[in-house]
Amino acid sequence: MMKSKKILALALTMGLALTACGGGDSTASSAPSEAPEESAAVESAAAVSTGVEDGVLTVGMECAYAPYNWTQADDSNGAVPISNVPGSYANGYDVMIAKKVCEDNGWELEIVATAWDSLIPALQAGTLDAIIAGQSMTEERMQQVDMAGPYYYATFVCVTKADGPLADAKGLSDLSGTATAQTGTDWYEFCLPQIEGADIQSAAETAPAMIMAVESGTVDFICTDMPTAMGAVATYPDLKILDFSSNPEDDFQFADEAERDSHINIGMSVAKGNTVLLDALNASLATLTTDDFESMMKEAVSIQPEI
């Protein structure tokens with residue numbers, strides 16, 4: 001069940017917006033005037049809820065994106081109940097990170113399973129406090145939300161059949177044939193168009209569907225990030241990761257380091273202007289090192305269920 005205070009916060013925000021847009025009345029005109037700066041500060045504070053006033057951090061994720069997050073039938077390996085899917089539990093790297101953040105801040109953790117394309121709208125509507133779902137920190141995304149992190153650094157790779165014709169590819173120029181990636185991701189929108197030999201097929205709705213496309217031979221290869229590829233190969237040993245980082249001139253290209261970081265860095269989303277929660281998330285992440293991230297990701301890969 002979603003928290004009732006979320007609805008209250010949303011109603012308050014809508015009420016403020018309607019007041020700002022409507023014409024003045026006698027009550028408003030007779031009220032003492034405030035300095036513009038003070039009035040703006042009060043309105044901003046009222047409109048942006050931290051989301052954790054009740055001591056619960058409500059986090060959205062797909063619960064279908066191993067090894068970042070997945071659904072399982074019990075609470076083994078530290079899994080957390082999914083509040084909107086009774087009897088199901090979420091686990092994975094994102095859940096591990098969310099638990100760490102909550103432990104640091106004394107919050108309870110609530111996981112809400114949310115479709116990928118619905119994550120940001122749900123956050124903006126106030127039904128989620130944060131998104132921890134393997135999102136890259138792109139400029140476009142950060143125009144919609146504020147992002148804490150990074151909490152992982154995910155390089156781009158391709159995956160193909162280990163015994164297939166592309167298994168010995170040394171760079172993007174060696175790739176040809178049908179290809180896909182998950183819808184709404186950098187993999188589909190940024191990576192695939194850079195591969196001249198790719199016959200780009202319709203996007204897969206989910207990461208598991210993308211992986212099954214290459215496993216079943218529906219496509220010759222997929223584009224994804226290293227953690228997702230690691231999870232795929234752990235489940236399907238007949239798949240192979242194509243990592244071209246040792247051949248940078250024939251690897252995925254970026255205009256500059258800033259653009260590379262925006263695609264590689266994985267962050268947590270909060271509502272625009274929610275600086276209190278943003279700062280709390282960043283403070284918690286500051287206690288972890290890159291080695292910590294890698295160790296947690298390896299653990300997530302080792303305990304993930306079959307994709």
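The values are calculated or read from the model by the stated rules, or taken from the named source; none is laboratory data. Please read all numbers here as calculations on a predicted model, not as lab measurements. Backbone-built Cβ (ideal geometry, glycine too); neighbour counts: all protein chains shown. For the accessible areas, the whole protein counts, side chains as well, though only heavy atoms, and no ligand, DNA or RNA atoms are used. Shrake-Rupley method; radii C 1.70, N 1.55, O 1.52, S 1.80 Å.
Expected output is a single nm value to one decimal: the length gained when fully extending between GLN143 and GLN194, i.e. 0.36 nm times separation in residues minus the C-alpha distance. What is it?
Extra length from GLN143 to GLN194 when fully extended: 15.9 nm.
Please report the carbon-and-sulfur percent of the accessible area for region 195-307; probe 1.4 Å, protein heavy atoms only, DNA, RNA and ligands left out.
The computed percentage sits at 50.
Given the peptides 222-232, 294-304, arrange them by the average over their residues of other C-beta atoms within 10 Å, most packed first.
Going by the mean number of other Cβ atoms within 10 Å, highest first, we get 222-232, 294-304.
Anything over 28 Å Cα to Cα? Flag those among LYS100/LYS170; LYS161/LYS298; LYS99/LYS161; LYS100/LYS240, in the order listed.
LYS100/LYS170; LYS99/LYS161; LYS100/LYS240
Would you compute, for the Cα atoms of region 113-179, the largest minus smallest coordinate along each principal axis and list the three values in descending order, in whole Å?
48, 21, 18 Å, listed from the longest principal axis down.
I'd like the distance between the alpha-carbon centres of region 278-295 and region 160-216, rounded to an integer number of Å.
One Cα centre to the other: 31 Å.
Long-range amide H contacts for TYR152: which residues qualify at under 5 Å (H placed 1.01 Å from N, peptide plane, sequence gap of 5 or more or a different chain)?
Residues meeting the amide H criterion: ILE266.
Using 10 Å bins from zero, what percent of all Cα-Cα pairs in region 175-282 falls into each bin?
Spelled out per bin, shortest first, that is 13, 40, 30, 13, 3.
Rounded if a/c is under 1.5, else prolate if a/b beats b/c, else oblate: with a ≥ b ≥ c from the C-alpha gyration tensor eigenvalues square-rooted, which is region 56-209? Mind dumping the intermediate values first?
Values: a/c = 2.28, a/b = 1.79, b/c = 1.27.
In terms of gyration-tensor shape, prolate.
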